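A.B. asks: Would you mind keeping the following structure in view while I ask a few things?
Values in this text are rule-based calculations from the coordinates and carry no lab data. What you see is a predicted model; the values in this text were computed from it and never measured. Cβ sites come from the backbone with ideal geometry, for glycine too, and all protein chains shown count toward neighbours.
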Amino acid sequence: MLKSELDKDLQDIAHENYQFKNWAKTFQCQPELLFTPTTEKQILKVVELANRKNKRIKVFGSGHSPSDLACTEDFLVNIDGMNRLLAVNQDGATVTVEAGMSLHKLHVVLKENKLALSNLGSISDQSIAGVMATASHGTGAHFGCMSTFILDMTLITANGQVVRCSSTENPELFTAAKCSLGALGIVTQVTLQAEPAFKLEAIQQPYKFPDILNNWDETIHSAEHVRVWWYPHTDDCVVWRANRTEKPITTNVQTMTNAVTTWWYERALGFHIYQGLLNMTRFRPAVIPALTQFMFDKVHSRPMHVIDDAHKIFNFDCLFPQYVNEWAIAWDDAPAVLRQLEDYITKHNLKVHFPVEIRFVDEDDIWLSPAYGRKTCYIGVIMYRPYGNPVPYKKYWKGYEDIMRKYNGRPHWAKAHGQTQQDLRHSYPKFDDFLNVRQQIDPNGMFLNAYLQRHIMQPQPKSNQLLARL
Ligand SMILES: Cc1cc2nc3c(=O)[nH]c(=O)nc-3n(C[C@H](O)[C@H](O)[C@H](O)COP(=O)(O)OP(=O)(O)OC[C@H]3O[C@@H](n4cnc5c(N)ncnc54)[C@H](O)[C@@H]3O)c2cc1C
């Protein structure tokens, strides 16, 4: 469909020849048209057009999902322009915002109102709607995933309605929509529960990994927020712990000498030199274990102690493009899983990158949240793509996923995985409830795409898929 065929008001927000690439540049698509609405009225027009022309719609946020979750070849929509603060209640610590707002902007808005999010993942580049759609998470035994912050939300549905939902208004839709995979409609507004602004004191220290595995429960509860990084091919790990504090802000860069030292370890050696060395290991993978040990000894084993505003402490530099895989299991099962992963790496003589990242999330009741009904440990594996170059990862992923499956693992929805509808139905007690809500609200599949078709819908033979689209 050509932009010139559209009504004038849609032409203003339509873009031809747009190529979507995710952050890691591992997935891409070429939509027929990209729309960038800045009002609900404009979104309604896009939905009306899609209904009339029998097109599918996919919204993307900041494109950070390492999968084709946000891809489509029909109409792609981005609502970055819908990023305003709509209401704030300082006493109740709640904010209502447009869902295209980035987390970075949300932190600014919250800080201006003396508020902060209670927990956060590694970065804040994502859109609010994007993190909520995949139940993105931080770490902390008593903190749920970020979708648990949602108090109410507004969606535009396939039949062109603006629907509000909360625990009292359309409660079934609400429980489904808090982790929707973008499969229910276009989220335009959310009200979030925050808390009074706070600082975190973070301490990172090296440990022997077997000691941590042998004292698992103690580790999980050793601070409000605990993250473990294991360095495969070694028995080393670092544990990052953060607690709320009233102490004054102190960073690693308070003096000139500290600033230079921090720059050397974190940017020069920890980023640029490491990327160069990793690139060389593409031709000599056998040196990866030695490089891992070197980086641990020289950079990561250095104790770190900082106090700052919470969002600055939660976030860190995720370095360069990467392949990632991350599944959620019951946190009691994690030591056994990690020991088996180590055995698999050794047995198959794999040379893999650090870290294996281990985080903890409290259980919730959101139908498709990977932390539904169980205290959860996320285990993430990574293979960096130095300078965007490919590295072998499939055998590592295969062994990792097989182990996770044995423990009823649930993949992070944003990350490419191999689970089928049957597998997911088995691990999510409310999977069919989600599908029922989806069917009611979007009977013609306007918000489906290849990812959703592959993983959550009944797989259809190719010819049927074509028929369904005609
Ligand atoms: C470097 C890096 C670090 C990361 N760190 C973490 C982490 O610490 N913890 C964690 O859990 N995850 C993490 N992630 C994953 C990330 O949080 C998720 O992929 C998240 O969904 C990305 O948000 P986004 O705005 O980029 O959404 P996109 O990737 O663009 O889209 C994700 C989903 O949201 C849907 N969506 C977006 N906007 C809307 C809307 N308005 N209405 C309806 N649906 C919508 C899309 O259709 C799609 O289904 C990380 C990813 C990267 C690349």
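A.B. asks: List every residue pair whose Cβ atoms sit under 7 Å apart, with the two residues 6 or more apart in sequence or on different chains, where the first one lies in the range 2-17 and is without any contact (Cβ under 8 Å) to a residue 24 or more places away in the chain and the second, anywhere, is of a type in the set (D, E, K, R).
C.D. replies: GLN11/LYS3; ALA14/LYS3; GLU16/LYS3
A.B. asks: State all residues of the range 262-286 that are of a type in the set (S, T, N, Q) and more than 28 Å from HIS348 (Cα to Cα); if no residue qualifies, say none.
C.D. replies: THR262
A.B. asks: Give me the residue from the range 59-73 that is in contact (Cβ under 8 Å) with a residue 60 or more places away in the chain and closer than 15 Å to LEU103 by Cβ and, out of that set, surrounded by the most Cβ atoms within 10 Å (Cβ to Cβ).
C.D. replies: Ranking the qualifying residues of the range 59-73, first place goes to SER65.
A.B. asks: So, of the residues in the range 4-59 that are out of contact with any helix residue (DSSP H, G or I) (no Cβ under 8 Å at 6 or more places or on another chain), closer than 25 Å to MET153 by Cα and part of a helix (DSSP H, G or I), which turns out to be nearest to the ligand (Cβ to nearest atom)?
C.D. replies: This residue is ILE43.
A.B. asks: For the range 123-140, indicate whether the set of residues that are on the phi > 0 side of the Ramachandran plot and more than 13 Å from the ligand (Cβ to nearest atom) is non-empty.
C.D. replies: No.
A.B. asks: Condition check: surrounded by fewer than 22 Cβ atoms within 10 Å (Cβ to Cβ), touching a residue at least 12 places away in the same chain (Cβ under 8 Å) and either touching a helix residue (DSSP H, G or I) at 6+ places or on another chain (Cβ under 6 Å) or more than 21 Å from MET153 (Cβ to Cβ) (or both). Does LEU76 satisfy that?
C.D. replies: Criteria not met by LEU76.
A.B. asks: Still on this structure, I have one more. Kindly list, by first and then second residue, each pair from a residue in the range 284-309 that is on the phi < 0 side of the Ramachandran plot to a residue that is in a helix (DSSP H, G or I) and among the aromatic types (Phe, Trp, Tyr), limited to pairs with Cβ atoms under 6 Å and residues at least 6 apart or on different chains.
C.D. replies: Pairs found: VAL299/TYR265.
A.B. asks: So, one more: Of all residues in the range 257-296, which are of a type in the set (Phe, Trp, Tyr) and within 28 Å of the chain's Cα centre (by Cα)?
C.D. replies: Across the range 257-296, the qualifying residues are TRP263, TYR265, PHE271, TYR274, PHE296.
A.B. asks: Let me ask something else. Name every residue in the range 87-104 that is part of a helix (DSSP H, G or I) and surrounded by fewer than 18 Cβ atoms within 10 Å (Cβ to Cβ), in order of residue number.
C.D. replies: HIS104
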